[in-house]
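Heads up: the structure comes next, in structure tokens.
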Amino acid sequence: MALSPRLDLRQSQSLVITPQLQQAIKLLQLSSVELAEYVEQELVENPLLEIDESGDGGALLESAGNADDRNEDGAAVVDSVDGQAESPLDVEAGVDNEPGLSEEDGGGIDTSNAEDWGSSGNGGGDMPDFARNVAEAPDLRSHLIQQLNLAGFSPADRMIGVFLIEQLDESGYLRAVLADVAALLGTDEARVARVLGVLQKFDPAGIFARDLKECLKLQLEDKNRFDPAMAAFVANIELLAARDLKKLREVCGVSMEDIQDMIAEVRALNPKPALQFEHGVSEAVIPDVIMSVRPDGTWRVELNPDTLPRVLVNSSYVSEISRGGIAKVDKQFLADRLQSANWLVKALHQRAETILKVATELLKQQEAFFRHGVSHLRPLILRDVADAIEMHESTVSRVTTNKYMSTPRGIFELKYFFTQGLPSNTGAESHSAEAVRHRIKILIDAEAVSDVLSDDKIVEILRGEGIDVARRTVAKYRDSLNIPSSVQRRRDKAAGYGTSLTAGRSLGLVNS
């Protein structure tokens, strides 16, 4: 057989991850805060993009499911955007856009978003910036330096004081060894200890302590409550962590009633005195999806406009530049920027539509939870939602990461609704692990002092309710709820402080 060169034509298909597809994947998994930062960066880099301040927007996701938008069968209809029937973003498997859920299919679910794509700021409104009105509290260092200046120290002692202030940790404890400080500053340890003694009288009480016992001692001295009995109590506080109140009473030489009063007094102290100076403004979770109940009892699901950047392509600017004579390289730059701007607007729309579709399916799957509470939470995995909306599991996973939904029962991360299932011993539907965990907490909270439930007893009760669960599973769920064992709970109840946070736990001495 002779060897000779030849040309062959072959047809094949392959999936290529283009830069645009990479951008779509990135946008899908961004949180609302990260998305706002990303869009802001794009606005800076792309001159053809601008914020839509007109109110009607150039990239709108029209309302779906309003009374005016229902078809003859009563089903909610999702309108297309700008006349284009764009499908929700699915990286692995794209599907055609589908009409909204009917009342029969979705329990009367109405899916919509607000008038337009909300801006990355305050939604285009005139809402005040409350963070600007928060009074700025002094930081711990400034607070201590101010007291140091009034303490009457000599220049050398003041320098020692400033050095010790710099050695405080975030809780207000002094972790430095006095001998090391003295050697570093070229002085004697007694002088450092004398300065420290003055600093330990500064506000807040308990500051500059070197361990928990000293912190409690300083606060009790400040209240003039550090008597010999309390001194013995603090010195043997490990007995409180071990719940050995009988031995603690003997060491302190007081009655059990006095021990209870001392426990209550110690619990009122602050084991981390410096934390009260943390004055950062708390950032509330902003939901991506808002769910509400209509007067007729049906559900309404809409996107939160405050989490959706409102951007559009400045077409007039493009036309104006195109009419003039520009160089070839400028023309190419303009074409690239125009393509990038159009793709971003399209990707933002697809992201919003995909989030809405996944949230709507979660509402369908977990409607019993929203109506009746956590005990009715169904077992659910990503595949269940992915199959229902005809998308890939990885797409659903990205959509539910760092996304939140506001519901009549509170704000939940979308991931919260995915729970493992425990089998039923009656052949009925399996039970959600979160619902079982909630049931265990209810049983333990309701137990009497004379009838503390063991893990085996809880297993027996749950199996009587049709939940097939092992004892080690009950123990694992109980530990995840920070509930101690039945033996420890019996001691707690006998001591009078129940199964909630004990004195030792509140001071950080014990974990369960």
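Among helices (runs of 4 or more DSSP H) entirely within segment 159-261, having at least 3 residues that are within 38 Å of the chain's Cα centre (by Cα) and in contact (Cβ under 8 Å) with a residue 40 or more places away in the chain singles out 212-222, 238-241.
Kindly check whether there is at least one residue in segment 206-228 that is of a type outside the set (Lys, Arg) and more than 26 Å from Gln276 (Cβ to Cβ). Before you say what the answer is, go through the steps one by one.
Step one: list which residues in segment 206-228 are of a type outside the set (Lys, Arg), which gives 206-209, 211-212, 214-216, 218-222, 224, 226-228.
With more than 26 Å from Gln276 (Cβ to Cβ) added as a condition, the list becomes 227-228.
Yes, segment 206-228 contains a residue that is of a type outside the set (Lys, Arg) and more than 26 Å from Gln276 (Cβ to Cβ).
Here Ala368, Ala386 are screened, and the one residue that is in the same structural domain as Leu28 (by TED's automatic domain parsing) and buried (at least 20 other Cβ atoms within 10 Å of the Cβ) is Ala386.
Of the helices (runs of 4 or more DSSP H) lying entirely inside segment 388-505, those containing at least 3 residues that are closer than 30 Å to Glu353 by Cα and either among the polar types (S, T, N, Q) or modelled with pLDDT of 85 or more (or both) are 393-399.
As a summary of the residue check, Lys246 satisfies the conditions (1) closer than 30 Å to Asp157 by Cβ; (2) exposed (fewer than 15 other Cβ atoms within 10 Å of the Cβ) except for the one numbered (1).
Candidates Leu356, Leu312, Leu363: the one that is in contact with a Gly (Cβ under 8 Å, 6 or more places away or on another chain) and closer than 30 Å to Pro379 by Cβ is Leu363. Is one or more of the residues making up segment 308-316 surrounded by 12 or more Cβ atoms within 10 Å (Cβ to Cβ) and under 21 Å from the mean Cα position of the chain (by Cα)? Among the residues of segment 308-316, at least one is surrounded by 12 or more Cβ atoms within 10 Å (Cβ to Cβ) and under 21 Å from the mean Cα position of the chain (by Cα), which makes the answer yes. If you go through segment 439-486 and keep only what is crowded, with 18+ Cβ neighbours inside 10 Å and more than 24 Å from Arg243 (Cβ to Cβ), you end up with Arg439, Val459, Leu462, Ile467, Val469, Thr473.
Of the residues Ala368, Ala347, Ala352, only one is more than 18 Å from Ala24 (Cβ to Cβ) and either without any contact (Cβ under 8 Å) to a residue 12 or more places away in the chain or outside any strand (DSSP E or B) (or both); which?
Details: Ala347 fails: more than 18 Å from Ala24 (Cβ to Cβ); Ala352 fails: more than 18 Å from Ala24 (Cβ to Cβ).
Only one candidate qualifies: Ala368.
Filtering segment 359-381 for residues that are at pLDDT below 85 and charged (D, E, K, R) leaves a non-empty set.
Sort out which residues of segment 213-233 are surrounded by 19 or more Cβ atoms within 10 Å (Cβ to Cβ) and closer than 14 Å to Ile259 by Cα, and write them in order of number. Even if it seems obvious, please write down each step before you answer.
Looking only at segment 213-233, we keep the residues that are surrounded by 19 or more Cβ atoms within 10 Å (Cβ to Cβ), and these are 215-220, 230, 233.
Result: Met230, Phe233.
Of the residues making up segment 440-456, just one is within 10 Å of Val474 (Cα to Cα) and either touching a Leu at 6+ places or on another chain (Cβ under 9 Å) or β-branched (Val, Ile, Thr) (or both), namely Ile440.
Within segment 314-334, does at least one residue satisfy the condition of being at pLDDT below 85, closer than 28 Å to Val33 by Cα and not aromatic (Phe, Trp, Tyr)? Yes, that holds for at least one residue. For the residues Ala274, Ala264, the requirement of being in a helix (DSSP H, G or I) and over 30 Å from the mean Cα position of the chain (by Cα) singles out Ala264.
No other residue among Glu413, Glu393 is without any contact (Cβ under 8 Å) to a residue 40 or more places away in the chain, surrounded by fewer than 22 Cβ atoms within 10 Å (Cβ to Cβ), among the acidic types (Asp, Glu) and within 20 Å of Ala36 (Cα to Cα) apart from Glu413. Within segment 279-294, restricting attention to residues that are loosely packed, with under 12 Cβ neighbours inside 10 Å and touching a helix residue (DSSP H, G or I) at 6+ places or on another chain (Cβ under 9 Å), the residue that is modelled with the highest pLDDT is Glu283.
So in segment 295-306, with the set limited to residues that are surrounded by 12 or more Cβ atoms within 10 Å (Cβ to Cβ) and either modelled with pLDDT of 85 or more or part of a loop (DSSP other than H, G, I, E, B) (or both), which one is farthest from the chain's Cα centre (by Cα)? Walk me through how you get there before you give the answer.
Here is the first cut: in segment 295-306, the ones surrounded by 12 or more Cβ atoms within 10 Å (Cβ to Cβ) are 298-306.
Imposing the further condition that a residue be either modelled with pLDDT of 85 or more or part of a loop (DSSP other than H, G, I, E, B) (or both) reduces the set to 298-305.
Values: Thr298: 28, Trp299: 25, Arg300: 24, Val301: 21, Glu302: 21, Leu303: 19, Asn304: 18, Pro305: 20 Å.
If we take residues in segment 295-306 being surrounded by 12 or more Cβ atoms within 10 Å (Cβ to Cβ) and either modelled with pLDDT of 85 or more or part of a loop (DSSP other than H, G, I, E, B) (or both), then Thr298 is farthest from the chain's Cα centre (by Cα).
Of the residues making up segment 307-326, those that are assigned to a loop (DSSP other than H, G, I, E, B) and either outside the structural domain of Lys346 (by TED's automatic domain parsing) or closer than 30 Å to Ala359 by Cα (or both) are Leu308, Pro309, Arg310.
Quick one: which residue in Gly253, Gly297 is farther than 30 Å from Leu28 by Cα and assigned by TED's automatic domain parsing to the domain that holds Leu30? The conditions single out Gly297.
The values are calculated or read from the model by the stated rules, or taken from the named source; none is laboratory data. As the structure is a prediction and not an experimental result, all values here were calculated from the model. Note: ideal-geometry Cβ built from the backbone for every residue, glycine included; neighbour counts use all protein chains shown.
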